[in-house]
Amino acid sequence: MQQSPNEIASLIYLLDDPEPYVRSSVMNRFEEIGESAVPQLDQVKSRTKDPDLKEALSEAIQRITFDSFQQDVVTLAEDGIFSLEDLEDAVFTFSRFDNPTIRTRPFVQMLDQLADEAAPYIHKAESERKKMQALIGHLYTRQGFDGCQGDYLNPRNTYLHHVLNTRTGIPLSLAFIILFTGRRLQLPFHGVNMPLHFLVKFVTVNNEHLLIDPFNNGAVLSREQCNQFLRKSGIKVYDQYYESASPYSMFTRFLRNLINGHNELNENIKAERLGKLLSLLESTRVQ
């Protein structure tokens, strides 16, 4: 049965109660009401200036929607993550974990626009390497994408919708910008799951592998530079670190980054939910 707006408004008011029991009871009642409460909760969340109330409303919305989101993750796992297109869909699916009421289509359109605006520069390029440089130049010089200079582990630097809005991210999220834009332009970019620092590579028809640092303005690195970085970090070098990463392995790295980020912010409930979803994904996925 549809609950009255007055009851939901009264429950929202009680979220400010200092008694943990009251707040817990309110959260339980919101879960009983279900997703019909979400529009009103989201409306108040968008208007309030109170950060504590905003956080409480966000938690209420996530608790209400978590079961249906979890089912979407099961579907994601059953369908499989085999291509960059699948990976993009999966990454944007998890934008809804951050904000259950978000519309992700506008962010997909932002990637479309990045590719459309880069296309003339790509078409003018006279070689494969220059095509690669044209896209990198467009993203980092014209569009202003950059590696975050502080608050590195903040999940906002990993969720792709935030990265598209702020033009700031960590190596993996900035690599996604290159990979997803490059896919639209049919350019041969691949992810590289190097330990500690995710890379991108561009593979030419002559099988030349150009390693790109997405965190440092798309700079081209030599294999030896990467090996030195690993050795200085106490990591033994293996050739497999430079192989093209599968879409699935990139996605699980993305989820682990989110788990680490939410733990860093002491958002332990969110980190635990993400851990549960990662386990669910790994146990359900198509082999």
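A few notes on this one:
Yes or no, residue by residue, for (1) out of contact with any helix residue (DSSP H, G or I) (no Cβ under 7 Å at 6 or more places or on another chain); (2) farther than 18 Å from Asn99 by Cβ:
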{"site": "Leu53", "(1), (2)": "yes, no"}
{"site": "Leu57", "(1), (2)": "no, no"}
{"site": "Ile61", "(1), (2)": "no, no"}
{"site": "Thr65", "(1), (2)": "no, no"}
{"site": "Phe82", "(1), (2)": "no, yes"}
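- Leading residue by the ranking (modelled with the lowest pLDDT) among those in segment 117-150 that are under 22 Å from the mean Cα position of the chain (by Cα) and over 19 Å from Leu221 (Cβ atoms): Gly150
- Some residue of segment 170-186 being more than 18 Å from the chain's Cα centre (by Cα) and either surrounded by 14 or more Cβ atoms within 10 Å (Cβ to Cβ) or not assigned by TED's automatic domain parsing to the domain that holds Asn268 (or both): yes
- The helices (runs of 4 or more DSSP H) falling completely within segment 1-90 that include 3 or more residues that are under 23 Å from Gly275 (Cβ atoms) map to 20-33, 51-79.
- Summed over segment 228-287, residues that are loosely packed, with under 13 Cβ neighbours inside 10 Å, of a type in the set (Phe, Trp, Tyr) and touching a residue at least 24 places away in the same chain (Cβ under 8 Å) total 0.
- If the condition is being touching a Ser or Thr at 6+ places or on another chain (Cβ under 8 Å), outside any helix (DSSP H, G or I) and of a type in the set (Lys, Arg), then segment 152-205 contributes only Lys201.
- Between Thr141, Thr93, Thr104, the distinction of being β-branched (Val, Ile, Thr) and more than 17 Å from Leu160 (Cα to Cα) belongs to Thr141 only.
- The residues of segment 62-72 that are more than 17 Å from the chain's Cα centre (by Cα) and hydrophobic (A, V, I, L, M, F, W, C), listed by number, are Ile64, Phe66.
- Among the residues making up segment 73-115, those that are within 16 Å of the chain's Cα centre (by Cα), among the charged types (D, E, K, R) and surrounded by fewer than 17 Cβ atoms within 10 Å (Cβ to Cβ) are Glu85, Asp86, Asp89, Arg103, Arg105.
- Any hit, segment 24-46, residues being crowded, with 17+ Cβ neighbours inside 10 Å and touching an Asp or Glu at 6+ places or on another chain (Cβ under 7 Å): no
- Apart from one condition, Phe198 fits all of (1) touching a strand residue (DSSP E or B) at 6+ places or on another chain (Cβ under 8 Å); (2) more than 13 Å from Leu172 (Cβ to Cβ); the exception is (2).
The values are calculated or read from the model by the stated rules, or taken from the named source; none is laboratory data. Here the structure is a predicted model, which means the values were calculated and not measured. As a convention, Cβ positions derive from the backbone with ideal geometry for all residues, glycine included, and neighbour counts pool all protein chains shown.
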